[in-house]
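Trainee: The structure that follows is given in the form of structure tokens.
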Amino acid sequence: MQTTTRRIGGWGFEGEVYPPSPQLVEWLERRVGPPGPPLAPGPCQPPQLPARPLPRLASDVSSDSRDRLAHCRGQGLVDVIRLRSGLIPALPDGVCRPADAAAVAAILGECRRAGVRVIPWGGGTSVTGGVNVVADSSPVLILELERMAGMSRLDPVSGLATFSPGTTGPAVEAALAEHRLTLGHFPQSWELSTVGGWVATRSAGQESLGYGRIEDMVAGLELVAPAGRLRLPERPASAAGPDLRQLVLGSEGRFGVITEATLRVRARPATTIVEGALLPGLAAGLDVVRELVVSGAPLTLVRLSDANETQMAMAIGLAASAGASLVRRYLALRGLGEEACLLLYGSSGERACVRDVLLCGRATVRAHRGVVLGARPGRHWLRDRFRHPYLRESLLDLGWATDTLETAAPWSAVAAVREQLVAAIAGALAGGDERVAVLCHVSHPYRDGASLYFTFFFRCAADPEATIARWATVKRAASQALVDAGVTLSHHHGVGQWHAPWFEREAGVLGRRVLATVAADMDPDGTLNPHVLLDPEDRLEV
Ligand SMILES: Cc1cc2nc3c(=O)[nH]c(=O)nc-3n(C[C@H](O)[C@H](O)[C@H](O)COP(=O)(O)OP(=O)(O)OC[C@H]3O[C@@H](n4cnc5c(N)ncnc54)[C@H](O)[C@@H]3O)c2cc1C
């Protein structure tokens with residue numbers, strides 16, 4: 001039974017599990033081989049790493065060993081492996097929970113004077129090493145923002161709502177629901193991630209096609225930096241110089257602590273319906289997605305799985321729920337079965353409008369020889385979309401490891417980038433005679449391109465450090481392939497510590513230097529999260 005106690009060393013809440021279906025186990029055995037040794041369930045006991053002294057701060061500091069353990073790493077695969085197996089290289093020296101922006105400013109001042117590093121912590125759901133504590137000569141303090149939560153202002157006429165940084169996804173929607181409003185920001189980590197974390201990482205929710213990314217929602221911000229406070233009041237638009245909001249968005253806690261965000265909100269939709277379809281192949285599927293987006297039809301979500309991911313979806317029962325075995329037989333009769341690609345498309349709003357939009361989706365699918373599956377696969381997906389992350393923990397229990405990475409490319413390059421990345425990831429462990437299975441879907445479509453999201457699976461190695469080394473080998477190969485292909489290191493996960501060694505290839509020498517200059521100005525002594533974004537050291541294996 002799910003509790004409200006957050007799991008340490010794994011996704012989500014204690015008691016919640018998402019076991020793989022027998023078909024998925026059979027699929028993994030076929031694609032990567034029999035499982036390796038199962039990983040210990042965890043969490044491990046906190047390691048004996050004494051807390052170094054911290055200065056007296058404006059807020060109480062916890063040095064409780066479980067609190068330090070729960071705040072030493074984020075939610076990447078390697079973080080979970082370390083937290084389950086006890087291979088923890090460093091713990092924070094304390095966890096502090098300020099109540100307001102004034103307390104944040106005082107803490108930053110005291111830590112700066114005392115040479116303490118400070119890591120802002122929202123939901124701790126980073127999958128890029130963004131909140132990870134690095135063994136360092138300086139003490140490390142986690143600035144846990146959970147007490148700074150809630151909606152502080154609402155301007156219903158302008159559709160603007162101001163939130164404190166530690167407000168989680170469900171708390172945002174609950175506060176807005178009372179006023180029949182929604183933010184519409186639903187990253188898969190929605191249950192645990194926070195407003196401050198979304199802004200700091202330039203997050204994208206699953207319905208970004210309709211509601212936009214977080215940067216489309218941010219109207220105003222407040223940032224507290226060691227050098228002072230930056231107030232950026234809400235503006236519908238402005239031509240008064242470069243937009244400083246864009247400098248805060250994606251700053252990953254390196255420039256300052258986001259203490260408030262004013263977000264654009266909308267009327268709560270009467271209904272959300274997601275339908276499924278099968279397309280005869282990836283090329284036809286990409287044409288459908290692009291045509292739908294360019295047509296301007298008010299869809300909120302379009303997501304196209306490649307053939308591998310479609311087969312996996314069948315294995316976990318998603319498309320099977322729509323009687324897809326029949327559809328597959330039908331496609332097989334056309335000689336196209338194995339290449340079939342699952343498409344989900346959805347819309348939110350008044351029921352009649354949603355129905356019209358979906359009719360447009362169906363017409364486009366049929367124009368490309370696709371088969372409409374109706375609303376059942378979409379219902380299945382909507383029901384389980386926040387449960388899928390639990391699958392990783394169940395697979396580690398069995399001896400398989402899985403992780404994800406993502407990018408974005410212009411339409412003209414999407415298919416080629418997918419092929420290059422699949423080849424780089426699938427072949428990354430070939431030297432060690434290990435297979436990697438790779439799935440991809442195209443989502444978050446724009447008029448000029450879309451995001452590509454890869455999920456990969458491999459066998460756990462004989463010991464956890466060797467499993468981490470396998471993961472790091474895949475990550476290096478993938479990051480190199482991304483920069484070689486000239487596409488972005490991340491569409492929505494951010495840079496963190498793990499993509500930072502490749503960041504200069506993304507931003508250019510001058511671009512990186514501009515950001516380093518901003519960091520030096522806002523945070524002259526490198527107090528805040530110093531190893532994300534701009535520190536090029538490879539920390540995949542620590
Ligand atoms: C299962 C899973 C699914 C995910 N799905 C998505 C998805 O669909 N879309 C998506 O965009 N991301 C996704 N992510 C990645 C992650 O959830 C996002 O990056 C999210 O925005 C992080 O929010 P957080 O509150 O957990 O931030 P944290 O993980 O706590 O912090 C992330 C970074 O932001 C900094 N930070 C946090 N709060 C502040 C603040 N107030 N001021 C300054 N800096 C701050 C931290 O120091 C760190 O560098 C997923 C992650 C997981 C584990």
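Since every read-out is calculated from the coordinates, none of them should be taken as a lab result. Just so we're clear, the structure is a prediction, and the values are computed from it rather than from any experiment. Cβ coordinates were reconstructed from backbone atoms using ideal geometry, including for glycine residues, and neighbour counts include every protein chain displayed.
Trainee: Mind sorting Ser295, Ser412 by how few other Cβ atoms lie within 10 Å of their own Cβ, fewest first?
Mentor: The order, fewest Cβ neighbours first, is Ser412, Ser295.
Trainee: Order of 468-477, 202-211 by packing, highest average Cβ count within 10 Å first?
Mentor: Most protected by this proxy first, the peptides run 202-211, 468-477.
Trainee: Inverting the mean 1/r over all pairs of different Cα atoms, compute the Kirkwood radius of segment 478-527 and quote it in Å.
Mentor: Averaging 1/r across every pair of different Cα atoms and inverting gives 11.8 Å.
Trainee: Based on DSSP, what percent of beta bridges with both residues in the chain are antiparallel, to the nearest 5?
Mentor: Taking every DSSP beta bridge with both residues in the chain, the antiparallel ones total about 85 percent.
Trainee: Once you wrap a convex hull around the alpha carbon atoms of segment 1-145, what is its projected area averaged over all directions, in nm²?
Mentor: 10.3 nm²
Trainee: Another question, if that's okay. Quick check for me: using +1 on Lys/Arg Cβ and -1 on Asp/Glu Cβ, what's the dipole size of the chain about its Cα centre, in debye to the nearest 20?
Mentor: About 960 debye.
Trainee: Tell me the relative contact order for the chain as a rounded percent, counting alpha carbon contacts under 8 Å between residues six or more apart.
Mentor: Answer for the chain is 18 percent.
Trainee: Helix-derived [θ] at 222 nm for the chain: sum -39500 (n - 2.57) over DSSP H runs of at least 4, divide by residue count, nearest 500?
Mentor: Rounded to the nearest 500, the figure is -11000 deg cm²/dmol.
Trainee: Let me know the Rg and Dmax you get for segment 390-485 when you use only its Cα atoms, in Å.
Mentor: Both quantities, over Cα of segment 390-485: 14.1, 46 Å.
Trainee: Now a separate question. Tell me, what is the Rg over Rh of segment 43-115, with Rh the Kirkwood radius over Cα pairs?
Mentor: So for segment 43-115, dividing Rg by the Kirkwood Rh gives 1.03.
Trainee: Quick one: Debye curve from the C-alpha atoms of the chain, no solvent, what's log10 I(q)/I(0) at q = 0.06, 0.07 Å⁻¹?
Mentor: Values, matching the q order: -0.28, -0.39.
Trainee: Using a cut-off of 14 Å between beta-carbons, work out the net charge of the residues near Thr467 (Lys and Arg +1, Asp and Glu -1, Thr467 not included).
Mentor: Computed value for this residue: -1.
Trainee: Just the Cα atoms of segment 192-285: what Rg and Dmax do they give in Å?
Mentor: 17.1, 57
Trainee: Count charges around Asp523 for me, please; just the other residues with Cβ under 9 Å from its Cβ, Lys/Arg as +1, Asp/Glu as -1.
Mentor: Result for the neighbourhood of Asp523: 0.
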